[in-house]
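Student: Encoded as structure tokens, here's the structure I'll be asking about.
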Amino acid sequence: MKLLGLGILPLVLALKRRTEGTPQMPETLELVLGNAAAPSRHLPEKFVNLNAQRINATKLQYLRCDPKAPPLADGERCRPYSGEELHFTPRPLKLVLGVMAMTSQSAIQESHRNTWMKNPGVCSMSQHKDPRCKIFPVFVFGDAGGATTKLPDAVTLENVPEPPQQWDGFEDTKHEAGWKRSWWTSQFKTPAWLAYAKQFHWATHVGKMDSDTFPDVLSIMEDLASKPVTRFGEEWPVVYGRHFMGGYNGKGGMFGEFYAISFQLLECFLKEDAKKHPRSGIINGRNSTWGAEWWAHAEDQVLRTTLFHAEEEHVCPKMLDANADRWQHPV
């Protein structure tokens, strides 16, 4: 990954895009455990083709999942934001983006490195002070014995084992092994990655992305290059991603293919998550420390539900959901 010298993106584009069409939001749905899939073996070729495209240039749609608002007739708790008019203030974007990875998928990792990671504004962590650098991707591995720690663009979560090649710890046997490994990756790496990322105090946002997602990073930069504020100048922290209605008890969610949260939500999310009753058990020979909800529900529902509860308990500040569609998934 290296910076291919560029100037700062025109922030006016971020504001202009909000006057154009809105992305279509998926209808209410209940996610089941069969949503995930292993990346396609054709992914490297598809990445090359996608690299020359802008995926979606529609405006962001803002929603408010207000714990104080009564649920709608269908139980939905999220509504299009209809409060005071939003204003947008430019800010220096610093998005730390964790790409969930497995050691067995080296060709896929190279595809990321050779396409969107070469875009201007995409940089290594060591360049975070450079004002031209906006997005800082790292591959996130489970503990596979230490080999991955030698990669300059990777982190190893020592408390999260890599999923076993031969699966023998999942009660549900109706899904093929590729899906099970993908489920393991998202469910247990995600909370550990968010806890790891809180050390990057210089970041404005922390995100998570699946390895079979191709992001339109220029559009993402434009989206996040300005922050929504109230008419009184108070900043709205955001949960950014492709929002879906329904989810866990109507609290909605962000599809796990790609999402990001404002850095000021990270600490309060972790505090709320720590309140959950820990799941007692052993994964691949190691004691687990994640709450039972990470096992029982898709992680993209758990994240949004936890943030909903954190605001409800006054652990987190009020926040907005920014509904976007700036990536291709699955590739």
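Each reported figure results from applying straightforward, stated rules to the coordinates on display, with no laboratory input. Note that the structure is a prediction, hence the values are computed from the model and not measured. Positions of Cβ are backbone-derived with ideal geometry, glycine not excepted, and every protein chain shown enters the neighbour counts.
Student: If you count, for each residue, the other Cβ atoms within 10 Å and average over each peptide, how do 67-78, 122-133 line up from highest to lowest? Present the calculation step by step, with values, prior to reporting the outcome.
Tutor: Working: 67-78: 12.7, 122-133: 15.4.
Most protected by this proxy first, the peptides run 122-133, 67-78.
Student: Step through the table entries Lys129/Lys198; Lys227/Lys271; Lys94/Lys271, compare each Cα-Cα distance with 20 Å, and write down the pairs that go over it.
Tutor: Values: Lys129/Lys198 17 Å; Lys227/Lys271 24 Å; Lys94/Lys271 23 Å.
Check vs 20 Å cut-off fails for Lys227/Lys271; Lys94/Lys271.
Student: Another question about this same structure. Express in nm, to one decimal, how much length is gained between Ala195 and Glu267 on full extension, taking 0.36 nm for each residue of separation and deducting their alpha carbon distance.
Tutor: Length difference between fully extended and current span is 25.1 nm.
Student: At 7 Å along Cα-to-Cβ for each site, give me the label-to-label distance between Val229 and Ala73 in nm.
Tutor: Output for this residue pair reads 4.1 nm.
Student: OK, next. At a 10 angstrom cut-off on C-beta neighbours, averaged per residue, how do the peptides 198-208, 42-52 rank from highest to lowest?
Tutor: Working: 198-208: 18.5, 42-52: 14.5.
Most protected by this proxy first, the peptides run 198-208, 42-52.
Student: Another question, if that's okay. Can you tell me which of 93-106, 307-320 comes out highest on packing, and rank the rest after it, using the mean Cβ neighbours within 10 Å?
Tutor: Put in order of decreasing packing, that is 93-106, 307-320.
Student: Here's a follow-up. Under the Karplus relation 6.51 cos²θ - 1.76 cosθ + 1.60, θ = phi - 60°, what is the ordered set of whole-Hz ³J(HN,Hα) values for the range 256-270, x standing for Gly and Pro?
Tutor: Whole-Hz 3J(HN,Hα) from phi for the range 256-270: x, 4, 6, 7, 9, 10, 4, 4, 5, 8, 5, 5, 6, 4, 5.
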